[in-house]
Amino acid sequence: MKLKKAVQAVSAQDRLKRASSQAVSEHNTPGKVIDLEGESYAAVAASAIQASITGEDFPDNVSVIVHHRELFACIRRTLGRSEDHFNNSLCESDLRLVGQEQAAGKSNAFFVFTDDGRYCMKSVDPAEAAQLLRILPEYEAYVTKNPDTLLPKFYALYEVYLPRLRAPLWMMVMGNVLGGRQAVLQRFDLKGSTHGRKASAKERAEGQKSVLKDLDFVFSGCSIEGVSTEAERSWQQAVQAMKKDSQWLASQNLIDYSLLLGFATCSQDELKAPLSHVVRMEVKGDALGSEREPISGGDALIVYVGIVDCLMPYGWFKRLENLVCDAFLSADISCQPPKKYAERFFNFVSKLGLPPGELEAFTSARVQASQRPLGKVVGEFGRKDAIALAKSPAALVLVGGLASLVVAWRSGHLSR
C-alpha cells in the first residue's frame with residue numbers, strides 16, 4: 001500500500017513537472033496530434049526525420065538527407081539549444097500538424113509543431129531551401145556575433161524522399177516565435193508597407209486565429225508602448241536589433257520579411273518567469289486599441305516579437321513586380337529593392353512605440369504621398385488579388401482573344 005502511494009506521488013510529481021515545463025499554452029498549441037503510423041506525407045516525413053535523429057531504420061522506401069549537420073548543430077548551440085533538448089522535443093513528444101488537408105491533397109505545404117511549442121517544422125519549396133543553404137554560413141556568423149537578433153531561428157534542414165512523390169520534400173526546422181505559455185489574443189504581420197496591407201473581412205472572420213496587417217495595427221490605435229522604463233528599454237533594444245537584422249537581410253538580397261507580433265495576457269507571477277526561446281515584453285494595457293478591451297484586474301499585457309519569412313530573394317520576378325505595381329498602383333507596395341525594403345521596414349517598426357495618434361498621422365501621410373491614380377481606383381489591390389484576377393475565367397478569355405487576334409494578324413501579314 002505504501003509502495004502504491006509512493007508510485008502515485010512520484011507520478012503526480014512527474015505530471016506537475018511536465019506541466020510546469022510546458023512551454024506553450026494549450027490554446028496556442030496548433031493543429032492535431034499526428035498519427036506517426038499514418039500514411040500522409042506529414043506523418044511519413046515526420047517519422048523519417050525522427051529516425052534520422054535517433055538512428056533507427058527508415059520507413060520502407062523512404063530516405064532522408066540531413067543537410068549541414070555539423071553547421072546546424074553549431075547554430076543550435078549558439079542559439080542556446082542543446083542536442084538533447086532538440087532531439088527530445090522532436091522525438092520524445094507528440095507532434096502536431098497544421099495544414100492536414102493540404103498535406104493530403106495536391107499541395108504539400110504544412111507545418112508540424114513540437115508539443116512543447118518550441119519548434120516548428122515547415123515544408124518549403126526547393127527555392128526556399130536553396131536560399132537557406134546559400135546564406136547558411138553567413139547566417140551562422142551573424143547570429144554568433146549578434147545574440148540578440150530577432151531573425152528566424154533556423155535549426156535544421158531535411159530533404160525527405162517519399163515513394164509517392166517524384167520530388168523530395170524539404171522540411172525546415174525553425175523556432176516558434178509565438179511559442180509561449182500565454183494564449184495569443186491577436187496576431188499582426190507587419191512589413192512596413194501600406195498598399196494592400198489591410199486584413200480582409202474573410203481574414204478577420206477567423207477571430208482569434210486571424211492575422212492582421214499594418215493598416216489594421218495603425219488605424220485601430222495599436223502601439224508597443226512599454227509599461228515601464230525597463231519595458232521601453234527592452235523594446236528599443238529590439239528595434240536596434242531589427243535595424244541590424246534588416247541591414248543584414250539586405251546584404252543577402254532578401255526581401256518580403258515581416259515582423260510577427262502576438263499579444264497575450266499573463267499574471268504578474270507568470271511575468272517573472274520568461275522563456276529562453278521567445279522574445280516578449282510588457283506593454284500598456286490599452287496597446288491593442290480598438291481591437292480589444294484594455295487589460296485590467298492586475299494582469300499584464302505582453303507581446304511576443306520576431307522576424308519571419310525572410311528567404312525571398314529579389315530576383316527578376318520581384319523586380320518586374322516592383323516596376324509594374326510601383327508605376328500603376330502605389331509607390332509603397334510591399335515589394336521593394338532590398339536596401340529600400342530594409343530602410344522602410346526599420347523606419348516603420350521604430351515608430352511602433354509612438355502614441356497611436358502620431359503613428360496614424362505618419363502613416364496617413366505615407367498613404368497619400370505614395371498612391372498612384374490607378375491605385376486610388378482599385379483601392380487595396382494586392383499581389384494576391386492580381387494573381388487571382390490573372391487566373392479568373394474572364395482574364396483567360398481576354399488573353400485568349402488577344403492571342404487569336406495576334407495570330408490572325410500575323411497570318412494575314414505573312415500571306416501578303
Of the conditions (1) over 23 Å from the mean Cα position of the chain (by Cα); (2) assigned to a helix (DSSP H, G or I), A238 satisfies every one except a single condition; which number is it? (1)
Checked E140, E128 against criteria (in contact with a Cys (Cβ under 8 Å, 6 or more places away or on another chain), assigned to a helix (DSSP H, G or I) and of a type in the set (D, E)); the one match is E140
Considering only residues that are over 19 Å from Y119 (Cα atoms), open to solvent by less than 10 Å² (accessible area, probe 1.4 Å) and touching a Leu at 6+ places or on another chain (Cβ under 8 Å), which ones fall in the stretch 259-282? F263, A264
Close pairs from the stretch 30-55: first among the polar types (S, T, N, Q), partner assigned to a helix (DSSP H, G or I) and open to solvent by less than 20 Å² (accessible area, probe 1.4 Å), Cβ under 7 Å, at least 6 apart: S40/A103; Q50/L90
In the stretch 51-106, which helices (runs of 4 or more DSSP H) lie fully inside it and hold 1 or more residues that are open to solvent by 80 Å² or more (accessible area, probe 1.4 Å) and at pLDDT below 95? 83-91, 100-104
Condition first: touching a residue at least 24 places away in the same chain (Cβ under 8 Å) and either aliphatic (A, V, I, L, M) or open to solvent by less than 40 Å² (accessible area, probe 1.4 Å) (or both). Now tell me which residues in the stretch 141-154 satisfy that. Y142, V143, N146, T149, L150, L151, P152, F154
Between R204, R187, which is touching a residue at least 40 places away in the same chain (Cβ under 8 Å) and either open to solvent by 40 Å² or more (accessible area, probe 1.4 Å) or closer than 29 Å to A331 by Cα (or both)? R187
Specify the residue that is surrounded by the fewest Cβ atoms within 10 Å (Cβ to Cβ); the eligible residues are those in the stretch 289-301 that are within 25 Å of the chain's Cα centre (by Cα) and of a type in the set (A, V, I, L, M, F, W, C). A300
Sort out which residues of the stretch 309-330 are in contact with a strand residue (DSSP E or B) (Cβ under 9 Å, 6 or more places away or on another chain) and either farther than 17 Å from D189 by Cα or surrounded by fewer than 17 Cβ atoms within 10 Å (Cβ to Cβ) (or both), and write them in order of number. D309, P313, Y314, K318, L329, S330
Residues of the stretch 335-350 satisfying the condition of being among the basic types (K, R), open to solvent by 50 Å² or more (accessible area, probe 1.4 Å) and either within 16 Å of L261 (Cβ to Cβ) or touching a residue at least 40 places away in the same chain (Cβ under 8 Å) (or both): K339
Tally up the residues in the stretch 207-248 that are open to solvent by 60 Å² or more (accessible area, probe 1.4 Å), within 23 Å of V143 (Cα to Cα) and either touching a residue at least 60 places away in the same chain (Cβ under 8 Å) or touching a His at 6+ places or on another chain (Cβ under 7 Å) (or both), please. 5
Name the one entry in D116, D148 that is assigned to a loop (DSSP other than H, G, I, E, B), within 22 Å of D245 (Cα to Cα) and out of contact with any strand residue (DSSP E or B) (no Cβ under 9 Å at 6 or more places or on another chain). D148
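Listed here are the residues, each with its yes/no results for (1) open to solvent by 10 Å² or more (accessible area, probe 1.4 Å); (2) more than 18 Å from D309 (Cα to Cα); (3) part of a loop (DSSP other than H, G, I, E, B).
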position: A156; (1), (2), (3): no, no, no
position: M171; (1), (2), (3): no, no, no
position: M174; (1), (2), (3): yes, no, no
position: V177; (1), (2), (3): yes, no, yes
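Could you say which residue among G285, G262, G297, G221 is in a loop (DSSP other than H, G, I, E, B), at pLDDT 90 or above and more than 21 Å from F362 (Cα to Cα)?
One residue alone meets the criteria, G285.
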Please list, ordered by first then second residue, the pairs with beta carbon atoms under 6 Å, 6 or more apart or interchain, first in the stretch 352-374 and over 12 Å from A331 (Cα atoms) and hydrophobic (A, V, I, L, M, F, W, C), second open to solvent by less than 50 Å² (accessible area, probe 1.4 Å) and assigned to a helix (DSSP H, G or I). L359/V218
The condition from (1) in a strand (DSSP E or B); (2) open to solvent by 20 Å² or more (accessible area, probe 1.4 Å) that Y304 misses is numbered (2)
Within the stretch 277-286, can one find any residue that is of a type in the set (D, E, K, R) and in contact with a Phe, Trp or Tyr (Cβ under 9 Å, 6 or more places away or on another chain)? yes
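Answer with yes or no whether G38 is in a loop (DSSP other than H, G, I, E, B) and at pLDDT 90 or above.
no
The values are calculated or read from the model by the stated rules, or taken from the named source; none is laboratory data. Computed from a predicted model, the values in this text were never measured in an experiment. Glycine gets a Cβ as well: all are built from the backbone with ideal geometry, and neighbour counts include every protein chain shown. Accessible surface areas use protein heavy atoms only, side chains included; no ligands, DNA or RNA. Shrake-Rupley method; radii C 1.70, N 1.55, O 1.52, S 1.80 Å.
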